[in-house]
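Q: Below you'll find the structure I mean.
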Amino acid sequence: MIIQPGLLTLTQLRQLHNTPTTVTLDPAALHGIRASAALVQRAAQGGSAVYGVNTGFGKLANQRIAQPDLETLQLNLLRSHAVGVGEPMSERVVRLILLMKAASLARGFSGIREIVIERLLAFYNLSITPVVPCQGSVGASGDLAPLSHLCLPLIGEGEVFFKGMRMPALEALQQAQLEPIRLSAKEGLALINGTQVSTALAIDALLATERLFEAAVISGAVTLDAVRGSDGPFDARIHSVRGQPGQIDCAAAYRALTAGSAIRKSHLEGDDRVQDPYCLRCQPQVMGACLDQMRYATQVLVREANAVTDNPLVFAETNTLLSGGNFHAEPVALVADALAVVIAEIGAIAERRIAMLVDTVVSRLPAFLTPEPGLNSGFMIVHVTAASLASENKSLAHPASVDSLPTSANQEDHVSMATFAARRLQNMLRNTEYIVAIELLAAAQGIEFLRPLKSSTVLESVLALIRSVSPAMMIDRSLAGDMEQVRELVLKGRIGATSTMKIQELASLQLA
């Protein structure tokens, strides 16, 4: 795949995130890269103070650095800033960081030589994945600590994962027949000053949320059939007069998912219920609002994936270096917080549907979805597990972006906390994947009590997939293994893939 700096799409990011693909840089980018690097070299040799080129960093910006020490300055920067802690980030996230860092630098506004950009892409192509601790960034001035760990291997220091092993970076470079790079003026700063870590973490979570969202729409449709809910709330006329696009698209998906269900036809007459609980009736409104937030997050994150976010910036056409604050990751922090609320809400409404399924008064199914309640507890404690996970998500959904601690002796006095905002989404996703898996198991169990009636063709294919890993439970057994199996189906997007092959309406729920 040819990388055109500034023009990465979500489709490309998804492909590069999911499947290792050889990438090359568009040759059209080389002119800008070379021109900005040349300007930095001229500035390094001049007499004026230029931040990050011949000065210290942060609060030490007023300290001039002598000409013979400029390369050492960049080397010391990487070493001193590589102080992250915690478990290593996943290799899929680190590979995305490598790609976005190279694409950002290749925009030609960073003053970095093409050999450095080419080495970042070589790491991506050869699957030399730096070991990057997950904690230690406040999301301004860029993701300094994690990006330092990312870039130390370029100079032969730090650690990497290579050929299935964790090893010293120098050893991996020798095996790959690569020489360590000697950094030139400003290059260390350009490498570590940016938002690529928080952005990659947020994109990784966004793509997982997309799969989760689709599975949750489907699980809600299965529950709707299992409790013989009403079609009325999904009528297109209701949603058109409100005009919210996500709501309109979700309502269409629910209608398509349940179309042709014999279960639905069976209660069109003689059902004395007037209105269903909100967790059934308001699914398009709740899930549609979540979809709108996900679409907005997509716009922000794709823009950020293409952005130039280091400092100072180099404008070769006018021989200008400008100091600014593009490293501040507030846009990422805010959409990561929005995604946290989305993930919590997907789990919250699914948990309410599970509670309804086990409540015989509301669902009109056997208590706790077992034929012999009392002797068997059925899905009683499975719901408790879902409730605990939904409650945990509420705490995790507290916005990270509203917290700020001054750093660098108050020079960097307002920070975004974007990296944690994005990183904490993985725990929330895992929780909600389990909640949706539990709903799928519970709804499938509810359908068992309506047999021989059939659901729609689409939902029957989903039910068959569930039953391929989890048989119906007519006497008590541990469902822990079943929950793991179905959660894996949700995680890998197989729930959505089963249905997308059958109906076009689900395609409108995808982000791109």
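The values are calculated or read from the model by the stated rules, or taken from the named source; none is laboratory data. The shown structure was predicted, so the numbers you read here are calculated from the model rather than taken from an experiment. Backbone-built Cβ (ideal geometry, glycine too); neighbour counts: all protein chains shown.
Q: How many of the residues making up segment 94-111 are outside any helix (DSSP H, G or I), small (Gly, Ala, Ser) and in contact with a Ser or Thr (Cβ under 8 Å, 6 or more places away or on another chain)? Working first, answer last.
A: Filtering segment 94-111 for residues outside any helix (DSSP H, G or I) gives 106-111.
Checking which are small (Gly, Ala, Ser) leaves us with 106, 108, 110-111.
Okay, now just the ones that are also in contact with a Ser or Thr (Cβ under 8 Å, 6 or more places away or on another chain), so 108, 110-111.
The number of residues fulfilling the criteria is 3.
Q: So how many residues does segment 366-390 have that are free of Cβ contacts under 8 Å to residues at least 24 places away in the same chain and either β-branched (Val, Ile, Thr) or under 13 Å from Ser478 (Cα atoms) (or both)?
A: The qualifying residues number 3.
Q: Just a yes or no: is a residue in segment 488-496 outside any helix (DSSP H, G or I), within 23 Å of Met294 (Cβ to Cβ) and either at pLDDT 95 or above or not aliphatic (A, V, I, L, M) (or both)? I'd like the intermediate steps shown before the answer.
A: Within segment 488-496, the subset outside any helix (DSSP H, G or I) is 492-493.
Now drop any that are not within 23 Å of Met294 (Cβ to Cβ), which leaves 492-493.
Next, only the ones that are either at pLDDT 95 or above or not aliphatic (A, V, I, L, M) (or both) stay: 492-493.
Yes: segment 488-496 contains one or more residues that are outside any helix (DSSP H, G or I), within 23 Å of Met294 (Cβ to Cβ) and either at pLDDT 95 or above or not aliphatic (A, V, I, L, M) (or both).
Q: Does segment 120-133 hold any residues that are crowded, with 23+ Cβ neighbours inside 10 Å, in a helix (DSSP H, G or I) and not aliphatic (A, V, I, L, M), and which are they?
A: Phe123, Tyr124, listed by residue number.
Q: I've got another one for you. Scan segment 350-371 residue by residue and report those that are among the charged types (D, E, K, R) and at pLDDT below 95.
A: Taking segment 350-371 and keeping what is among the charged types (D, E, K, R), we get 351-353, 359, 364.
Selection gives Arg364 alone.
Q: Please go through segment 16-73 and give me each residue that is closer than 19 Å to Gly324 by Cα, at pLDDT below 85 and in a helix (DSSP H, G or I), ordered by number.
A: Gly58, Lys59, Leu60
Q: Quick check, is Gly194 part of a loop (DSSP other than H, G, I, E, B) and more than 30 Å from Ser266 (Cβ to Cβ)?
A: Values: part of a loop (DSSP other than H, G, I, E, B): yes; more than 30 Å from Ser266 (Cβ to Cβ): yes.
The answer is yes for Gly194.
Q: Can you confirm whether segment 429-445 contains a residue that is assigned to a loop (DSSP other than H, G, I, E, B) and at negative phi?
A: Restricting attention to segment 429-445, the residues satisfying the condition of being assigned to a loop (DSSP other than H, G, I, E, B) are none.
No: segment 429-445 contains no residue that is assigned to a loop (DSSP other than H, G, I, E, B) and at negative phi.
Q: Report, by residue number, each residue of segment 356-365 that is surrounded by fewer than 21 Cβ atoms within 10 Å (Cβ to Cβ), under 16 Å from Ile438 (Cβ atoms) and either in contact (Cβ under 8 Å) with a residue 40 or more places away in the chain or touching a Lys or Arg at 6+ places or on another chain (Cβ under 9 Å) (or both).
A: Start the filter on segment 356-365 by keeping residues that are surrounded by fewer than 21 Cβ atoms within 10 Å (Cβ to Cβ), which leaves 359-362, 364.
From what is left, the residues that are under 16 Å from Ile438 (Cβ atoms) are 359.
Those that are surrounded by fewer than 21 Cβ atoms within 10 Å (Cβ to Cβ), under 16 Å from Ile438 (Cβ atoms) and either in contact (Cβ under 8 Å) with a residue 40 or more places away in the chain or touching a Lys or Arg at 6+ places or on another chain (Cβ under 9 Å) (or both): none in segment 356-365.
Q: If you don't mind, there's one more thing I want to ask. Looking only at residues that are of a type in the set (Val, Ile, Thr) and touching a residue at least 40 places away in the same chain (Cβ under 8 Å) in segment 118-148, which one is nearest to Leu173 (Cα to Cα)? First the steps, then the outcome.
A: We begin by selecting, within segment 118-148, every residue of a type in the set (Val, Ile, Thr); these are 128-129, 131-132, 138.
Pick out the ones that are also touching a residue at least 40 places away in the same chain (Cβ under 8 Å) and you get 128, 131-132, 138.
Numbers: Ile128: 9, Val131: 14, Val132: 17, Val138: 30 Å.
Result: Ile128.
Q: From Ser395, Ser391, Ser404, grab the single residue that is polar (S, T, N, Q) and outside any helix (DSSP H, G or I). I'd like the intermediate steps shown before the answer.
A: Values: Ser395 fails: outside any helix (DSSP H, G or I); Ser391 fails: outside any helix (DSSP H, G or I).
Just a single option satisfies the conditions, and that option is Ser404.
Q: I need the full set of residues from segment 18-38 which are crowded, with 19+ Cβ neighbours inside 10 Å and touching a helix residue (DSSP H, G or I) at 6+ places or on another chain (Cβ under 7 Å), in order please.
A: Here is the first cut: in segment 18-38, the residues crowded, with 19+ Cβ neighbours inside 10 Å are 25, 29, 33, 36-37.
Passing the criteria: Leu25, Ile33, Ser36.
Q: Conditions: (1) more than 30 Å from Gln135 (Cα to Cα); (2) in contact with a strand residue (DSSP E or B) (Cβ under 8 Å, 6 or more places away or on another chain); (3) buried (at least 20 other Cβ atoms within 10 Å of the Cβ); (4) hydrophobic (A, V, I, L, M, F, W, C). Ile349 meets all but one. Number of the miss?
A: Single failed check for Ile349: (2).
Q: How many of the residues in segment 292-314 are in contact with a strand residue (DSSP E or B) (Cβ under 6 Å, 6 or more places away or on another chain) and either modelled with pLDDT under 95 or surrounded by fewer than 15 Cβ atoms within 10 Å (Cβ to Cβ) (or both)?
A: Looking only at segment 292-314, we keep the residues that are in contact with a strand residue (DSSP E or B) (Cβ under 6 Å, 6 or more places away or on another chain), and these are 312-314.
From what's left, either modelled with pLDDT under 95 or surrounded by fewer than 15 Cβ atoms within 10 Å (Cβ to Cβ) (or both): 312.
Summing the residues that are in contact with a strand residue (DSSP E or B) (Cβ under 6 Å, 6 or more places away or on another chain) and either modelled with pLDDT under 95 or surrounded by fewer than 15 Cβ atoms within 10 Å (Cβ to Cβ) (or both) in segment 292-314 gives 1.
Q: Quick check on my filter: what residues within segment 309-325 are part of a loop (DSSP other than H, G, I, E, B) and free of Cβ contacts under 8 Å to residues at least 40 places away in the same chain? Don't jump to the end; show me each part of the working.
A: Residues of segment 309-325 that are part of a loop (DSSP other than H, G, I, E, B), as a first pass: 309-312, 319, 323-325.
The one that is part of a loop (DSSP other than H, G, I, E, B) and free of Cβ contacts under 8 Å to residues at least 40 places away in the same chain: Gly324.
Q: Listed residues Glu330, Glu304, Glu345; which is more than 22 Å from Leu13 (Cα to Cα), in contact (Cβ under 8 Å) with a residue 12 or more places away in the chain and not small (Gly, Ala, Ser)? First the steps, then the outcome.
A: Values: Glu330 fails: more than 22 Å from Leu13 (Cα to Cα); Glu304 fails: more than 22 Å from Leu13 (Cα to Cα).
Answer to the selection: Glu345.
Q: Spot the failing condition for Gly86; the list is (1) within 26 Å of the chain's Cα centre (by Cα); (2) on the phi < 0 side of the Ramachandran plot, and only one is missed.
A: All conditions pass for Gly86, except number (2).
Q: Same structure again: Based on what the data block shows, is Ser404 in the same structural domain as Arg352 (by TED's automatic domain parsing), at pLDDT below 95, closer than 30 Å to Ser141 by Cα and in contact with a His (Cβ under 6 Å, 6 or more places away or on another chain)? Before the answer, list the steps.
A: Numbers: in the same structural domain as Arg352 (by TED's automatic domain parsing): yes; at pLDDT below 95: yes; closer than 30 Å to Ser141 by Cα: yes; in contact with a His (Cβ under 6 Å, 6 or more places away or on another chain): yes.
Criteria met by Ser404.
Q: Another one. Being within 26 Å of the chain's Cα centre (by Cα) and surrounded by fewer than 24 Cβ atoms within 10 Å (Cβ to Cβ) narrows it down to one of Ala202, Ala215, Ala208, so name that one.
A: Details: Ala202 fails: surrounded by fewer than 24 Cβ atoms within 10 Å (Cβ to Cβ); Ala215 fails: surrounded by fewer than 24 Cβ atoms within 10 Å (Cβ to Cβ).
Every option except Ala208 fails the conditions.
Q: Among the residues of segment 240-281, write down those that are surrounded by fewer than 19 Cβ atoms within 10 Å (Cβ to Cβ), basic (Lys, Arg), at pLDDT 85 or above and assigned to a helix (DSSP H, G or I).
A: Result: Arg255, Arg281.
Q: Report whether or not Glu317 is under 22 Å from Ile203 (Cβ atoms), of a type outside the set (Phe, Trp, Tyr), surrounded by fewer than 20 Cβ atoms within 10 Å (Cβ to Cβ) and over 15 Å from the mean Cα position of the chain (by Cα). Outline the logic, then answer.
A: Numbers: under 22 Å from Ile203 (Cβ atoms): no; of a type outside the set (Phe, Trp, Tyr): yes; surrounded by fewer than 20 Cβ atoms within 10 Å (Cβ to Cβ): yes; over 15 Å from the mean Cα position of the chain (by Cα): yes.
When the stated conditions are applied, Glu317 does not pass them.
Q: Right, here's the next one. I'd like the full set of residues that are in contact with a Lys or Arg (Cβ under 7 Å, 6 or more places away or on another chain) and among the charged types (D, E, K, R), limited to segment 12-71.
A: Listed by number, the list holds a single entry, Glu71.
Q: Still on this structure: Would you confirm whether or not segment 163-178 contains a residue that is assigned to a loop (DSSP other than H, G, I, E, B) and crowded, with 24+ Cβ neighbours inside 10 Å? Break it down stepwise before answering.
A: Applying the first criterion (assigned to a loop (DSSP other than H, G, I, E, B)) to segment 163-178 yields 163-164, 176-178.
From what's left, crowded, with 24+ Cβ neighbours inside 10 Å: none.
Among the residues of segment 163-178, not one is assigned to a loop (DSSP other than H, G, I, E, B) and crowded, with 24+ Cβ neighbours inside 10 Å, which makes the answer no.
Q: Here's something else I'd like to know. Starting from segment 201-222, keep only residues that are closer than 21 Å to Val132 by Cα, then list their pairs with residues that are of a type in the set (Ser, Thr, Tyr) and in a helix (DSSP H, G or I) whose Cβ atoms are within a distance under 7 Å, requiring at least 6 positions of separation or different chains.
A: Leu201/Thr419; Leu206/Thr298
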